[in-house]
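Report on the structure given below.
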Ligand SMILES: C[S@@+](CC[C@H](N)C(=O)[O-])C[C@H]1O[C@@H](n2cnc3c(N)ncnc32)[C@H](O)[C@@H]1O
């Protein structure tokens, strides 16, 4: 139990640092996306952008032969990935670094694969794809999830929520068009199933938030934070047929 008033950022980091994932996704979705990219032994240099604490980064390390660098704006997340990689004996091939996806610290034309789950919308789908293109070698590949509209009907309440969160939803066909305009051949797109949100992300996050409410009893910020998270879940359950994360897979041309 603590008396200090945590900030929203404290709460966000404390909620997510111990979770397997920091956003919707699953090992099955990783494997499905990789299935469009074979043969996998050509991926010697991979970057996982907005990696969080690296749930998917470590899975990629089991599937791919080369080096994988996870990059995240929060140093604590990147350090956690490096720590886990070391613990699993992967420290020579997998590392987490702190950095900004909008200003990549890699050499131009140095990456075979760019992976990014649940993060690109923070800088914009077009902006991200266009900036990242220059870091891929010829025929390098990209696999990225982005929240997207899945139907013609686009409920305003959902749109407002995502805009207020600093993100946006676009239809899948618009995003596949953007991919091509940014210098990629479009390979495939598929929507993540519901359990990627509910079982794999929202349920463990709700447990972590319960613990935080106990840690900070009487904190107004903690209550507001919990309420915002609850609202996000309610909105997803109400409108899940209309929007979701979509995996976009492409090749640099
Ligand atoms: C929804 S989480 C997804 C994390 C992880 N990829 C996953 O799927 O579990 C989004 C991640 O992107 C990171 N992020 C957001 N904006 C970023 C930026 N400009 N540069 C680097 N990382 C960023 C956040 O810190 C967060 O860890």
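Read-outs throughout are calculated quantities, based only on the coordinates presented, and are distinct from any laboratory measurement. Computed from a prediction, not measured in an experiment: that's the story for all the values here. We place every Cβ from the backbone using ideal geometry, glycine too, and count neighbours over all the protein chains shown.
Here are the numbers for this structure:
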quantity	calculated
Among the residues listed as 81, 71, 90, the single one being under 21 Å from residue 21 (Cβ atoms) and surrounded by fewer than 24 Cβ atoms within 10 Å (Cβ to Cβ)	90
Residue among 107, 157, 153, 138 that is assigned to a helix (DSSP H, G or I) and either within 16 Å of the ligand (Cβ to nearest atom) or more than 19 Å from the chain's Cα centre (by Cα) (or both)	157
Helices (runs of 4 or more DSSP H) wholly inside the stretch 1-102 containing at least 1 residues that are within 8 Å of the ligand (Cβ to nearest atom) and within 21 Å of residue 120 (Cα to Cα)	8-16, 55-63, 75-87
Helices (runs of 4 or more DSSP H) fully within the stretch 170-247 counting 3 or more residues that are within 28 Å of residue 13 (Cα to Cα)	194-197, 203-215, 220-239
Which numbered condition residue 130 misses (of (1) closer than 21 Å to residue 247 by Cα; (2) surrounded by 17 or more Cβ atoms within 10 Å (Cβ to Cβ))	(2)
Number of positions in the stretch 110-123 that are touching a residue at least 40 places away in the same chain (Cβ under 8 Å) and within 10 Å of the ligand (Cβ to nearest atom)	8
